[in-house]
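J.: Have a look at this one.
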Amino acid sequence: MEEHSVRDKFFEVTNNYIKNKKVSHAYLIEVSNYEQDFFDVLNFVKMLLCDCSKEDLINNKNNICTLIDDGNYPDLKIIEADGQWIKKNQMLELMDEFQNKSLLDNKKIYIIKEAEKLNNSSANTILKFLEEPEEGIIAILLTKNRFQVIETILSRCQFLNLSTESVGNDLSSDSRMLFEYILNGNDLFINYSNIVSEIIPDKVVAKRCLNEISQVIINYLAYMSNKDYALSMEFINILNGQNVEKLVNIIAIIEEEIKKLEYNINYKLWLDNLFAQIILGG
C-alpha cells in the first residue's frame, strides 16, 4: 500500500467520518506545530461546516471557507491560554456564548489550543459541556502531547493525529518486540527479565515504545473503519484477527499508565502493574 503523509491520513480519516455521518461531539488532535498544522485543523472545520470537497478546500470556492480564513465566521471560537493556563472564566464565557443559537443555522465549533493548559478548575468547568453539549456543538482540542492532557478531558474526546512525530507505519526494533509480547499477553511475564534488561530498561525508553505501539493500534482501528486508510501491510497482517475490544483496551491501559511515568514512581512496580492490566484487560 502506498505510504501517505500524516496530512493525507488526517484528511482520509476525517473525510470518512463526515461521509459516513460518524462525526463526534469532541476531538483531540495531536499536532507537531500549532501554527503550521492549524491550516489542516481549519480545513477540518470547513469540512464539518460546509461538506467541502478536497477541490473546494484547495480552491477556496465557498463563502463559509472564505469567512473562516478571514477570521469572520461567527460560530467559530478559538481559545488560547491566558498566560500560563486556560482559565475558568474563559470556559464560562465560552459556555455562555454557545448557549445562543447559531447565527447561520449551522454547527457551532470551538477550538482550544494547548489543551494541556486546561488546569483542574477550567477542565472541571468545561467537563459537562464537553461531555453533553447541545446538539450541533463540536469541540476541537489541540495538543502537542495527548498524554499531558487531563484524563477526564482526554477520555471524552475522539483522537486524531496530525503530528509527524507520532509513529503509525513503523516500529523501532525494541518496540516491535514489546508489541509482540503485548499481543500475546502471557509472554510479558515469561519474558520479563529480557524486557526489563534489554527492551525497556528505563522510563524514557518505555514511554517511547508504548507511544509507538499505541499509535500503530490507533492507525489500525482507523484502517478497519476505512480500508483506504494507509497502513503498512505488515501491521495489518499482524493485527488482523485480533479482538477489537482487546485492542481498544490496550490503548486505554497504555494511555492511562504512561501518564504515571511523569511522577517519581518505582519503575519495576509500575511495569508489573502495566503487564498485569494488559493480561487481565487486554
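J.: Check segment 228-249 and report whether any residue there is at pLDDT below 85, surrounded by 15 or more Cβ atoms within 10 Å (Cβ to Cβ) and among the charged types (D, E, K, R).
T.: Among the residues of segment 228-249, not one is at pLDDT below 85, surrounded by 15 or more Cβ atoms within 10 Å (Cβ to Cβ) and among the charged types (D, E, K, R), which makes the answer no.
J.: Collect the residues in segment 26-46 that are in contact with an Asp or Glu (Cβ under 7 Å, 6 or more places away or on another chain) and surrounded by fewer than 22 Cβ atoms within 10 Å (Cβ to Cβ), keeping them in residue-number order.
T.: Ser32
J.: Here's something else I'd like to know. In segment 194-214, what residues are among the charged types (D, E, K, R) and in a helix (DSSP H, G or I)?
T.: Answer for segment 194-214, where residues must be among the charged types (D, E, K, R) and in a helix (DSSP H, G or I): Glu198, Lys203, Lys207, Arg208, Glu212.
J.: Still on this model: Taking Leu103, is it touching a residue at least 24 places away in the same chain (Cβ under 8 Å), assigned by TED's automatic domain parsing to the domain that holds Asp40, surrounded by fewer than 12 Cβ atoms within 10 Å (Cβ to Cβ) and not polar (S, T, N, Q)?
T.: The answer is yes for Leu103.
J.: Going by what's in this entry, would Lys203 be described as surrounded by 13 or more Cβ atoms within 10 Å (Cβ to Cβ), of a type in the set (Lys, Arg) and under 17 Å from the mean Cα position of the chain (by Cα)?
T.: Judged against the criteria, Lys203 is not a match.
J.: How about segment 1-43: which of its residues are among the charged types (D, E, K, R), part of a helix (DSSP H, G or I) and out of contact with any Gly (no Cβ under 8 Å at 6 or more places or on another chain)?
T.: Those that are among the charged types (D, E, K, R), part of a helix (DSSP H, G or I) and out of contact with any Gly (no Cβ under 8 Å at 6 or more places or on another chain): Arg7, Asp8, Glu12, Lys19, Glu35, Asp37, Asp40.
J.: Evaluate segment 259-269: report whether one residue or more is closer than 23 Å to Arg146 by Cα, modelled with pLDDT under 85 and among the hydrophobic types (A, V, I, L, M, F, W, C).
T.: Checked against the condition, which is being closer than 23 Å to Arg146 by Cα, modelled with pLDDT under 85 and among the hydrophobic types (A, V, I, L, M, F, W, C), segment 259-269 yields at least one hit.
The values are calculated or read from the model by the stated rules, or taken from the named source; none is laboratory data. Please read these numbers as outputs of a predicted model, since none were measured by experiment. Every residue, glycine among them, receives a Cβ derived from its backbone with ideal geometry; neighbour counts consider all protein chains shown.
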